[in-house]
Amino acid sequence: MTLKAIMLGAAAGITVFATTNVVADTSDKRIALSNNYAGNSWRQAMLESWQKVGEAAVADGKVASADAFTTSENQATEQAAQIQNMILQGYDAIVINAASPTAINGAVKAACDAGITVVSFDGIVQEPCAWRIAVDFQQMGREQVKYLAERYPEGGNLLEIRGLAGVFVDDEISAGIHDEVKNSNFEIVGSVHGDWAQDVAQKAVAGILPSLPEIVGVVTQGGDGYGAAQAIGATDRAMPTIVMGNRQDELQWWSDEKAANGYETTSLSIAPGVSTLAFWVAQQVLDGNEVPKDLTVPFLAISQDELEDALKTTPKGSVANVEYSLEDAKAVIASSK
Amino acid sequence: MSGDRLRLALPVLSLVVLLGAVFYLQPRAMSYFGLNLLFNLAIPVALATISQMMIIMVNDIDLSIGTFVSFCACVTATFVHDTPVIGYMILAAAILAYALLGALIQLRGLPAIVVTLGMSFVWGGLAVLILPSPGGASPEWLKTLMSLKTPLVPIAVVAPLVIALAVHFLIKRSWVGVILQGVGGNDRAMERAGWSLVRLRASAYGLAGLFGVLAGMSLVGLTTAADANIALRYTLLSIAGVILGGGEFVGGRISPFGAVIGALTLTLAASFLSFLRLSPDWQIGAQGAILILVLAVRLVFIRKGAVA
């Protein structure tokens, strides 16, 4: 390559990336999703939601394109390369569910320097130039205890099912639960690790049950409520109130019990559709609106009366989902200001 | 010499073809800025590939290079950043550990594949101990070096060239390199000629450790922070890079230029597939297909060469 060609190329590169700073009207803007993993039902639902909302937004002329990319392996170096490719492809905004909060910082910074809006969600990035839509896992624990406190103001014994030991999410949810229990009349009499899997949870609960006094409630982390119900159902104990985590099998069991004996509980988790919230946040930033850098994901809670509708829209083996609209995103942004 | 040239022709050709395809798909890549984005993550891969090449040179294989690079990245982002003296001492100790492993493998006649597989868990564990949750920070000079704006040609192109040249002179043009290649070629003969195989294997492993450390450091310079799992992919990438670059598993037949070009080709292949908008489910398979294609073409070349 000659010197002249290189200089011309450099100049072309600079002009391309300098024109992305114009604000307002996002109809010609292109948004890309950089996703690090697609191997479970939550991520599959996340990608489906992105596609659905993205296609609708393109059809409405809100944005020019909304493409989703998933790395072939769940590795930070792969994702960094993927993000650098997106910079080359000239996207105006990149929405990221990150493989690592730090290991793609360099690529994220390169994107910001090229004038690209970077919004991270669920797996957030630490690079300060990016927006972060984080999950408040402690709050997720607190909400469960608050619900149970409403149901049983006089208190009682609780069983806690934890997630995978040593994972940040597990520590956070559990910390929230224990923190809130201090403000209530409850006492946690047992704690087992269910690894967010129904079969593991069932075995763990069945193992600890004989040593427990009467329990009024079970606090969970999602993906473990059905297993707990199976374990407790196999004994002659009265069924405690098990907080569910929006999985289809959990909702189905709850619905069956509700029909049979009016069983009451609640269910909450993060909807995979949070990718669409990140999409609209990116659109809002591109639109020139002022958006705080740190936003919090709202929980998707299912109450006793919403159960049937939620169950109808949740495919087997999947998790209850909701797609966020532009208005929802504006509300989340407003609440964080 | 001409055999070496022919050996190198194919990797160069694959790189040029891929580069042409990428430029066609994404003309924006044809710029200073674009080339840098396309290739800067190939620098640590190239260094890791050189490290793997040192091991393959003596007929062994290193399954721990991915976790070793991750470990070095964690040390760089923590100790080297906070207390440089201790940091560099740890890295030096890591190189020494590699050399000792080489000596141990030679002394006890252990299979390297098993020893390095075991070591991969040790390095991985140490990385988690040093950096239990992702974080740390890159030393300022390293960040500056990796984002250096070199004149005319971006650092992402300059660095691999410099690496390849330096290693070429070390391995192909110095007496040390010739002897080390001899270990891979015929270690008995080397021993009879009066060389200590323990020392030679230790030196090859020590060199591998050195380039592993450099890979970890350059990776942190690029990412600006570390993660205990940051470079797990490098184990397979580095082996594929060496072979793609014209190296062979036995006989001490390796090529530093080829290894670096192999690393660049693998990095580029991933970008190419991503620009093609190929579904991720197919991408790993397609990457493998590119690899098999290049190796198949090489086999045809070598057969023809043998006939002629």
Being surrounded by 13 or more Cβ atoms within 10 Å (Cβ to Cβ), of a type in the set (D, E) and part of a helix (DSSP H, G or I) is the filter here, so list the residues in the range A:309-337 that pass it. A:D328
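Could you please let me know if B:A137 is within 14 Å of chain A (Cβ to nearest Cβ), over 18 Å from B:A46 (Cβ atoms) and in contact with a Cys (Cβ under 6 Å, 6 or more places away or on another chain)? Give the derivation first.
On the way: within 14 Å of chain A (Cβ to nearest Cβ): yes; over 18 Å from B:A46 (Cβ atoms): yes; in contact with a Cys (Cβ under 6 Å, 6 or more places away or on another chain): no.
Considered against the rule, which asks whether it is within 14 Å of chain A (Cβ to nearest Cβ), over 18 Å from B:A46 (Cβ atoms) and in contact with a Cys (Cβ under 6 Å, 6 or more places away or on another chain), B:A137 comes out as no.
What residue, of A:I116, A:I133, A:I94, A:I87, is within 10 Å of chain B (Cβ to nearest Cβ) and either among the aliphatic types (A, V, I, L, M) or over 30 Å from B:A127 (Cα atoms) (or both)? Full working, then the answer.
Values: A:I116 fails: within 10 Å of chain B (Cβ to nearest Cβ); A:I133 fails: within 10 Å of chain B (Cβ to nearest Cβ); A:I94 fails: within 10 Å of chain B (Cβ to nearest Cβ).
Result of the check over A:I116, A:I133, A:I94, A:I87: A:I87.
Would you mention how many residues in the range A:177-221 are of a type outside the set (A, V, I, L, M) and either part of a loop (DSSP other than H, G, I, E, B) or open to solvent by less than 50 Å² (accessible area, probe 1.4 Å) (or both)?
The first filter runs over the range A:177-221 and keeps only residues of a type outside the set (A, V, I, L, M), leaving A:178-180, A:182-187, A:190-191, A:193-196, A:198-199, A:202-203, A:207, A:210-211, A:213-214, A:217, A:220-221.
Those still in the list that are either part of a loop (DSSP other than H, G, I, E, B) or open to solvent by less than 50 Å² (accessible area, probe 1.4 Å) (or both) too: A:180, A:182-186, A:190, A:194-196, A:198, A:213-214, A:217, A:220-221.
Count: 16.
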Matching residues in the range A:247-264 (in contact (Cβ under 8 Å) with a residue 60 or more places away in the chain and within 14 Å of A:Q304 (Cβ to Cβ)) number 2
Which one is farthest from B:V162 (Cα to Cα), of the residues in the range B:207-266 that are open to solvent by less than 10 Å² (accessible area, probe 1.4 Å), part of a loop (DSSP other than H, G, I, E, B) and not β-branched (V, I, T)? B:A225
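Sort through B:I61, B:I95, B:I86 and tell me the only one that's open to solvent by 30 Å² or more (accessible area, probe 1.4 Å) and outside any helix (DSSP H, G or I). Before the answer, list the steps.
On the way: B:I95 fails: outside any helix (DSSP H, G or I); B:I86 fails: outside any helix (DSSP H, G or I).
Checking each option against the conditions leaves just B:I61.
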If you check every pair at least six apart or on different chains, which have Cβ atoms under 9 Å apart with a residue in the range B:123-152 that is within 25 Å of B:N40 (Cα to Cα) first and a residue that is open to solvent by 60 Å² or more (accessible area, probe 1.4 Å) and in a loop (DSSP other than H, G, I, E, B) second? B:G124/B:N229; B:G124/B:L232; B:A127/B:N229; B:P134/A:Q126; B:P134/B:N229; B:G135/A:Q126
Mind checking whether some residue in the range A:122-138 is free of Cβ contacts under 8 Å to residues at least 40 places away in the same chain, outside the structural domain of A:Y37 (by TED's automatic domain parsing) and open to solvent by 40 Å² or more (accessible area, probe 1.4 Å)? no
Does the range A:242-286 hold any residues that are aliphatic (A, V, I, L, M) and part of a helix (DSSP H, G or I), and which are they? A:L251, A:A259, A:A260, A:V274, A:L277, A:A278, A:V281, A:A282, A:V285, A:L286
Can you name the residue in the range B:98-135 that is buried (at least 19 other Cβ atoms within 10 Å of the Cβ) and out of contact with any helix residue (DSSP H, G or I) (no Cβ under 7 Å at 6 or more places or on another chain) and is also nearest to A:N105 (Cα to Cα) among such residues? B:P134
Taking the criterion of being out of contact with any Phe, Trp or Tyr (no Cβ under 6 Å at 6 or more places or on another chain), facing another protein chain (nearest Cβ under 7 Å), of a type in the set (A, V, I, L, M, F, W, C) and not in a loop (DSSP other than H, G, I, E, B), would at least one residue in the range A:53-61 satisfy it? no
Hits in the range B:274-295 (condition: surrounded by 13 or more Cβ atoms within 10 Å (Cβ to Cβ) and facing chain A (nearest Cβ under 8 Å)): B:S274, B:F275, B:P280, B:Q283, B:I284, B:Q287
Return the total of residues in the range B:153-182 being part of a loop (DSSP other than H, G, I, E, B), open to solvent by 20 Å² or more (accessible area, probe 1.4 Å) and either modelled with pLDDT of 95 or more or in contact with a Phe, Trp or Tyr (Cβ under 8 Å, 6 or more places away or on another chain) (or both). 1
Lone qualifier among B:R28, B:R7 - being in contact with a Leu (Cβ under 9 Å, 6 or more places away or on another chain), of a type in the set (D, E, K, R) and either at pLDDT below 95 or open to solvent by less than 10 Å² (accessible area, probe 1.4 Å) (or both): B:R28
What's the total number of residues in the range A:309-319 that are modelled with pLDDT under 90 and among the aliphatic types (A, V, I, L, M)? 1
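The values are calculated or read from the model by the stated rules, or taken from the named source; none is laboratory data. All values reported here derive from a predicted model rather than from experimental measurement. As a convention, Cβ positions derive from the backbone with ideal geometry for all residues, glycine included, and neighbour counts pool all protein chains shown. These area figures cover heavy atoms from the full protein model, side chains too; ligands, DNA and RNA do not enter into them. Shrake-Rupley method; radii C 1.70, N 1.55, O 1.52, S 1.80 Å.
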